[in-house]
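Here is the structure we will look at.
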Amino acid sequence: MSAPAINETRKTKLPQRLPIVILIAVLIIAVVVICAVLGEGIAPYSPFLQRLGVGDTPPSAAHIAGTDLLGRDVLSRVIYGARTALVGPVVVASGAFAIATLLGLLSGYLGGLVDSAIMRWVDFMLALPGPLVAIVVVGVVGGGYWTAVFVLVVLFTAPDTRIVRSAVLEQRPLPYIDAARTLGISKTRILFVHILPNVLPIILAYVVLDFAFALVNLAGLSFLGLGVEPGTPDWGRMLFENRNILFSHPVALLLPAGMIILTAVSMNLIGDWLFERFAK
């Protein structure tokens with residue numbers, strides 16, 4: 001074997017390095033997770049402590065990110081707010097993943113009336129203006145944060161179901177499925193033991209993207225007053241509460257906004273990378 005051929009063989013065996021952009025995104029998500037888990041343990045002050053006599057103050061040695069209109073430490077509230085920024089989107093992404101996976105597997109493999117019924121429901125859900133539906137339902141029901149989470153689970157399930165169905169349709173005519181049918185393997189086993197592992201990378205990549213979209217949607221609902229309760233440390237709620245001090249104390253508004261953007265963009269980058277790396 002010639003030297004160029006040997007070098008080419010070695011190159012193909014080398015593991016791919018994690019792109020620097022993805023590494024940064026992973027580090028950002030790791031910081032957010034640490035803030036969500038530790039919460040008040042690493043916050044310099046209690047996120048609920050009010051100092052009405054202090055009011056909103058710019059960044060200082062005592063308060064690195066300043067205080068809001070009620071004298072609450074902005075940095076502490078941003079750290080504590082990572083909890084709602086993670087928990088809700090994780091529930092939305094996980095719930096949509098579970099329901100969409102089941103519906104997509106059944107629709108793509110069984111076909112017929114099952115496929116038709118599921119896809120007509122998907123078409124109906126996709127025709128609805130998702131954000132507007134979420135605003136109306138949460139506003140009418142008045143259930144707050146967890147109602148918003150439930151609504152987003154339902155809304156996110158429809159597009160994910162179509163994605164899973166498309167992946168299953170690619171697997172159904174392959175020889176290993178024909179072999180499984182010939183051996184008399186049950187449909188349930190074919191779906192969950194043979195097909196599911198092959199489409200799982202695509203599903204997981206979209207689950208990460210669902211997290212990012214859910215984060216932005218929940219923050220938007222909180223900004224409109226339809227998410228968390230007033231006074232709760234939440235990035236979207238902080239945007240609403242501090243909007244009037246944008247020019248006098250911009251950090252109080254820009255810090256939670258920056259965290260929403262950084263977290264959402266990081267998860268999008270990770271989701272795109274996972275899709276390119278494992279789903280193609």
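The values are calculated or read from the model by the stated rules, or taken from the named source; none is laboratory data. Bear in mind that the values here come from a model prediction, so they are computed numbers and not experimental data. In this analysis, Cβ positions are derived from the backbone assuming ideal geometry, glycine residues included, and neighbour counts consider all displayed protein chains.
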Restricting attention to segment 49-56, does a residue exist that is within 27 Å of residue 30 (Cα to Cα) and modelled with pLDDT under 90?
-> yes
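Can you confirm whether residue 75 is in contact (Cβ under 8 Å) with a residue 40 or more places away in the chain and closer than 21 Å to residue 245 by Cα? Spell out the reasoning first.
Details: in contact (Cβ under 8 Å) with a residue 40 or more places away in the chain: yes; closer than 21 Å to residue 245 by Cα: yes.
So residue 75 fits the description; yes.
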Could you check how many residues of segment 249-280 are out of contact with any Pro (no Cβ under 8 Å at 6 or more places or on another chain) and either at positive phi or of a type in the set (Gly, Ala, Ser) (or both)?
-> 6
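Starting from residues that are surrounded by 10 or more Cβ atoms within 10 Å (Cβ to Cβ) and farther than 12 Å from residue 266 by Cα, keep the ones in segment 9-32 and report whichever is modelled with the highest pLDDT.
Going through segment 9-32, the residues surrounded by 10 or more Cβ atoms within 10 Å (Cβ to Cβ) turn out to be 9, 18-19, 21-32.
With the extra rule that they be farther than 12 Å from residue 266 by Cα, the set shrinks to 9, 18-19.
On the way: 9: 41, 18: 77, 19: 86.
Looking at the filtered set, the residue picked out is 19.
Could you list, in sequence order, the residues of segment 115-166 that are among the hydroxyl-bearing types (Ser, Thr, Tyr) and modelled with pLDDT of 90 or more?
Once the filter is applied, which keeps residues that are among the hydroxyl-bearing types (Ser, Thr, Tyr) and modelled with pLDDT of 90 or more, segment 115-166 yields 116, 157, 161, 166.
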Selected residue [at pLDDT 90 or above, among the charged types (D, E, K, R) and surrounded by fewer than 17 Cβ atoms within 10 Å (Cβ to Cβ)] from 181, 189 = 189
Give the residue, chosen from 115, 123, that is in contact (Cβ under 8 Å) with a residue 24 or more places away in the chain, among the acidic types (Asp, Glu) and under 22 Å from residue 98 (Cα atoms).
-> 115
What is the residue count in segment 224-239 for residues that are at pLDDT below 90 and either of a type in the set (Phe, Trp, Tyr) or on the phi > 0 side of the Ramachandran plot (or both)?
-> 2
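Test of understanding: among 270, 261, which residue is in a helix (DSSP H, G or I), in contact (Cβ under 8 Å) with a residue 12 or more places away in the chain and out of contact with any Gly (no Cβ under 7 Å at 6 or more places or on another chain)? Lay out the reasoning, then the answer.
On the way: 261 fails: in contact (Cβ under 8 Å) with a residue 12 or more places away in the chain.
Criteria check complete, one pass: 270.
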Residue match in segment 95-102 (condition: among the β-branched types (Val, Ile, Thr) and closer than 28 Å to residue 249 by Cβ) = no
Residue that is of a type outside the set (Lys, Arg) and surrounded by fewer than 23 Cβ atoms within 10 Å (Cβ to Cβ), where the choices are 204, 215, 221 = 204
When the residues of segment 46-105 are filtered to those that are over 30 Å from residue 116 (Cα atoms) and polar (S, T, N, Q), which remaining residue is surrounded by the most Cβ atoms within 10 Å (Cβ to Cβ)?
-> 67
Within segment 234-258, considering residues that are in contact (Cβ under 8 Å) with a residue 24 or more places away in the chain and among the small types (Gly, Ala, Ser), the one farthest from residue 222 (Cα to Cα) | 248
Here the qualifying pairs (Cβ atoms under 7 Å; residues six or more apart or on different chains; first in segment 182-201 and more than 14 Å from residue 171 (Cα to Cα); second aliphatic (A, V, I, L, M)) come out as none
